[in-house]
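A short write-up of the structure that comes next.
The values are calculated or read from the model by the stated rules, or taken from the named source; none is laboratory data. Bear in mind the structure is a predicted one, so any value in this text is a computation, not a measurement. Cβ atoms come from the backbone with ideal geometry, glycine included; neighbour counts cover every protein chain shown.
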Amino acid sequence: MFSLPLHEWLNQQLPGGQAAWPTLSRKHLVLRLIQNAILDGTLPAAVQLPSTRMLAAELGIARNTVVSIYETLQDEGFVVIGHGSGTYVCRVEPDVVAGARQEAATPAGPAFSTRGRGIVSHPLNRYYIKRPFCPGVHDLTLFPLKVWNQLQQRHWKQAETSSLVEGEPGGLPALRQAIAEHLRVSRGVRCEAEQVIITDGTSQSLDLIARLLADTGDEVWFESPGHWAASKVFDGNGLRLRPVDVDEQGMPCPGNSGDGTAPRLVYLTPSHQFPLGGVMPLQRRQDWLDFAQRHDSVLLEDDYDSEYRFGAAPLQSLQGLDRNHRVIYLGTFSKTLFVGIRLAYFVVPPALASDFAHASADLYREGEQVGQAVLAAFIREGHYDSHLRRTRLIYAERRQVLTDTLKAALAPWFATGAVAFTGEDVGVHCTLRLPDTVDDQAVAQAAADAGISVMPLSGYCLGTRRSGLVLSYAATTAEQIVPLARQLGAVIANLLE
């Protein structure tokens, strides 16, 4: 039975709750604690909860956060909110309570392995909520759904029963051919269709590469800050991650391997370093190719967001410069079309193509053919290039509005160089660098409490810690960006002062 004021009880429970659910934000932790208190009878039916204003003040969080918590509780049947009469705990059916208690008493089951713990926990998980400015979220209203549906309908009218079974190793030949032709023209990639391997996503591409080309304990050099999802794939395959701090031109290439240990794999994003946005110059690209040849290393070129450039023309891909087959080129359609398409690809040297295709089929089974056939037609008939041209213009406007609005909101700090944008000329996100003395996770949490999702730069750092915010403008219209960016600017300014 409940005897303390709710805020006092919550403050007592928060440390233990944070240990039990380390990936939850403070908002979701408070929500989970109240839900459990209602389920186990600690908060019985008909008890009135404090007002949103009072609980927010006592817990030191935004009132909007408490409002959101109460609304979620009501949506899930835990409380009822009466207009002007308060918020009251609902009666929960005995079987639900019994089930909750039984679940709580059930053993947790097998413990995670060391690799497993590394995969399931990450400091960025708590901030990844699909809201304004969240990286990796795109504007689906820009996708030409009508054209896509027409291509699907045409495919089904012409389909034979053979299209209902698993596809060929490596992917549908028509799609592999369409991708190869597109890459030769747009990125200068030197490949034939047989070298293109279709996967369900870049993570699967990296997983297959790590399994086939590296052994447990081999070293992979990795950009810091860098793409945390890719680092999890390597870590999950038992590889030793060696972070290399990037500069404004991407990952520096050493004159030799430093401590004498040559990496088996080197993961690079040379066209648009993620998340800082640096573009690797031609000389450094050549240095890496020479390095890989000397040390028998494999360069993994993730051509991240190269389709969206606002300014100078892109440099030729690293793979296109390679004459010794030391580069594997990776790309995806989830960034340019829609995440749910689950289609990516990588390009391997000719001598490895057949083995990679069959290994992919053995490990993951061949992908379904309908989506691949529709995408092949979408590319072949010019719809993909048209979509890229149209969205480049829209994203360029959104990028300009976001950067201009934040520069105005944070003018004193931009003037002194305390804050600065990086990477805003490529891709659909930019990074706002903050003084390294600033706790960027606290800034991200304050933004989350205001309903805005930004990622703390420090969460991407495996090497030297850097402070900043990674934010995307892809899923937010120019009209929506202005007030949201001003609100975000106010949050940042409050913590910089």
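Values as computed for the structure displayed
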{"item": "Pick from the range 22-76, criterion without any contact (Cβ under 8 Å) to a residue 60 or more places away in the chain and basic (Lys, Arg), ranking: surrounded by the fewest Cβ atoms within 10 Å (Cβ to Cβ)", "result": "Arg53"}
{"item": "Enumeration of residues in the range 417-442 that are in a helix (DSSP H, G or I) and touching a residue at least 60 places away in the same chain (Cβ under 8 Å)", "result": "Gln441"}
{"item": "Verdict on Ala446 being under 30 Å from Val67 (Cα atoms), modelled with pLDDT under 95 and in a loop (DSSP other than H, G, I, E, B)", "result": "no"}
{"item": "Residue under evaluation Cys134, criteria (1) surrounded by 14 or more Cβ atoms within 10 Å (Cβ to Cβ); (2) farther than 15 Å from Leu375 by Cα; (3) more than 27 Å from the chain's Cα centre (by Cα), criterion not met", "result": "(3)"}
{"item": "Residue tally, condition closer than 24 Å to Phe133 by Cβ, part of a helix (DSSP H, G or I) and either of a type outside the set (Phe, Trp, Tyr) or at pLDDT 95 or above (or both), over the range 369-412", "result": "23"}
{"item": "Qualifying residue in the range 197-211 (condition: within 28 Å of Asp355 (Cα to Cα), among the aliphatic types (A, V, I, L, M) and more than 22 Å from the chain's Cα centre (by Cα))", "result": "yes"}
{"item": "Matching residues in the range 77-87 - criterion: being touching a strand residue (DSSP E or B) at 6+ places or on another chain (Cβ under 8 Å) and loosely packed, with under 13 Cβ neighbours inside 10 Å", "result": "Gly82"}
{"item": "Qualifying positions in the range 222-243 - assigned to a strand (DSSP E or B) and surrounded by fewer than 23 Cβ atoms within 10 Å (Cβ to Cβ)", "result": "Ser224, Arg240, Leu241, Arg242, Pro243"}
{"item": "Any hit, the range 345-355, residues being under 25 Å from the mean Cα position of the chain (by Cα), outside any helix (DSSP H, G or I), modelled with pLDDT under 95 and assigned by the TED database to the domain that holds Arg176", "result": "no"}
{"item": "Given (1) without any contact (Cβ under 8 Å) to a residue 60 or more places away in the chain; (2) closer than 16 Å to Leu175 by Cβ; (3) part of a strand (DSSP E or B), number of the condition Thr336 does not satisfy", "result": "(3)"}
{"item": "Out of Arg294, Arg323, sole residue that is of a type outside the set (A, V, I, L, M) and outside any loop (DSSP other than H, G, I, E, B)", "result": "Arg294"}
{"item": "Residue that is crowded, with 22+ Cβ neighbours inside 10 Å, over 27 Å from Phe421 (Cβ atoms) and not hydrophobic (A, V, I, L, M, F, W, C), where the choices are Ser297, Ser360, Ser317, Ser354", "result": "Ser360"}
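Conditions tested, residue by residue: (1) in a loop (DSSP other than H, G, I, E, B); (2) surrounded by fewer than 24 Cβ atoms within 10 Å (Cβ to Cβ); (3) touching a helix residue (DSSP H, G or I) at 6+ places or on another chain (Cβ under 9 Å).
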residue	(1), (2), (3)
Ser453	yes, yes, yes
Gly459	no, yes, yes
Leu462	yes, yes, yes
Arg465	yes, yes, yes
Leu471	no, no, yes
Ala474	yes, yes, yes
Leu484	no, yes, yes
Gln487	no, yes, yes
